[in-house]
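Beneath this line is the structure, given in structure tokens, with notes to follow.
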Amino acid sequence: MRKKRTPQFSPDLPFRGHTIYHELYSVSQWLDSCPQFVEWIFDDLDSQVNHYTGRNALSAESVLRIAFLRQRFQFTFEYLAFVLVDSPLFRAFCYLEDGQTLRKSSLQSLVCSIKAST
């Protein structure tokens, strides 16, 4: 089941002194002020076949933030999967839960399901 937002997540990001922190913090605040973006992503993801069994899917909010990271830093899906496992800053920015890991194929599937018009 996919949710629009990640409930009860602290918006506090680690590594406050780094320049990337300041950029991601600003982008995070901007994304939070534009909830319509999450709605658009949710609609794109919801148009796929829904399965009501198995693991909980990433929230639309997390998918939006992952897509932003990929575009901003020009990560390959393989490197993006590594960064989301390795970097507490990027994990916090994307609202990933502890122990939540993503493979490059699932990242590619999620990001590529966002329509060009969105």
For this session: Out of Phe75, Phe82, report the one residue that is at pLDDT 95 or above, hydrophobic (A, V, I, L, M, F, W, C) and not in a helix (DSSP H, G or I).
Result: Phe75
Exercise. Just a yes or no: is a residue in region 86-100 in a loop (DSSP other than H, G, I, E, B) and touching a residue at least 60 places away in the same chain (Cβ under 8 Å)?
Worked result: yes
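If you take the residues of region 9-30 that are among the small types (Gly, Ala, Ser) and out of contact with any Pro (no Cβ under 8 Å at 6 or more places or on another chain), which of them is modelled with the highest pLDDT? Show your work before the answer.
Restricting attention to region 9-30, the residues satisfying the condition of being among the small types (Gly, Ala, Ser) are 10, 17, 26, 28.
Pick out the ones that are also out of contact with any Pro (no Cβ under 8 Å at 6 or more places or on another chain) and you get 10, 17, 26.
On the way: Ser10: 54, Gly17: 77, Ser26: 92.
Here the answer is Ser26.
The values are calculated or read from the model by the stated rules, or taken from the named source; none is laboratory data. Note that the structure is a prediction, hence the values are computed from the model and not measured. We place every Cβ from the backbone using ideal geometry, glycine too, and count neighbours over all the protein chains shown.
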